[in-house]
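Enquirer: Pasting a structure here, questions to come.
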């Protein structure tokens, strides 16, 4: 009975940690795309909290704010980033583009394997592959 209980607790903890990591990943990606749209002070507070791992108190000291004020500023920034994504969908479009480029790349590799003896076709496929590589940078 104890082993089962321990397993259930571990499963719950793992799910909670995964959700937290998913949220951190999402916020980081949104910041990469839309961070420059935040006001300078908001951007700096967000960066210190999420990227440099400053505590709310440390940021509060630096900006002469309360911990609660810093917390609210971070939350407002996160909400703004999510609003930008809802309106512009850049992260979503980027993700779909990456998936499509990977599928095209796989197809080109398959075609090269199948028709590699056709030098003209192979050259054109390699040209397309090069263009895709440039898009992916």
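Please treat every number below as a calculation from the coordinates, not as lab data. Just so it is clear, the structure is predicted and the values come from calculations on it, not from any experiment. As a convention, Cβ positions derive from the backbone with ideal geometry for all residues, glycine included, and neighbour counts pool all protein chains shown.
Enquirer: Using packing as a proxy for protection, rank 65-71, 35-41 so that the peptide with the highest average count of other Cβ atoms within 10 Å comes first.
Expert: 65-71, 35-41
Enquirer: Taking the alpha-carbon centroid of each part, what is the distance from the stretch 107-137 to the stretch 31-59 in angstrom?
Expert: 42
Enquirer: Given the DSSP H assignment, sum -39500 (n - 2.57) over each helix run of at least 4 residues in the chain and divide by its residue total; what's the result at 222 nm in deg cm²/dmol, nearest 500?
Expert: Value at 222 nm, helices only, nearest 500: -29500 deg cm²/dmol.
Enquirer: Identify which of 53, 118, 64 has the largest mean-square fluctuation in a Gaussian network model of the chain, with springs joining Cα atoms closer than 10 Å.
Expert: Between 53, 118, 64, it is 118 that shows the largest mean-square fluctuation.
Enquirer: Now for a different question. I'd like the orientation of helix 2-34 relative to the chain: the angle between its Cα long axis and the longest Cα principal axis, in ° from 0 to 90, rounded to 10.
Expert: 80
Enquirer: Okay, next question. Roughly what would the spin-label model give for residue 117 and residue 47, points 7 Å off Cα along C-beta, in nm?
Expert: Spacing of the two 7 Å Cα→Cβ label points: 5.9 nm.
Enquirer: Which FRET efficiency value, to the nearest 0.05, is calculated for residue 88 and residue 55 with the Förster distance at 35 angstrom and r the Cβ-Cβ distance?
Expert: E between residue 88 and residue 55, to the nearest 0.05, is 0.65.
Enquirer: If you don't mind, there's one more thing I want to ask. For the Cα atoms of the chain, what angle does the longest principal axis make with the long axis of helix 119-135, in degrees from 0 to 90, nearest 10?
Expert: That helix lies at roughly 10 degrees to the long axis.
Enquirer: Which one is right for this structure if Cα Rg over 2.2 N^0.38 Å is calculated from it: (i) 0.98; (ii) 1.13; (iii) 1.61?
Expert: (iii)
Enquirer: With an 8 Å cut-off on Cα pairs and a minimum separation of 6 or more residues, tell me the relative contact order of the chain in percent.
Expert: 18
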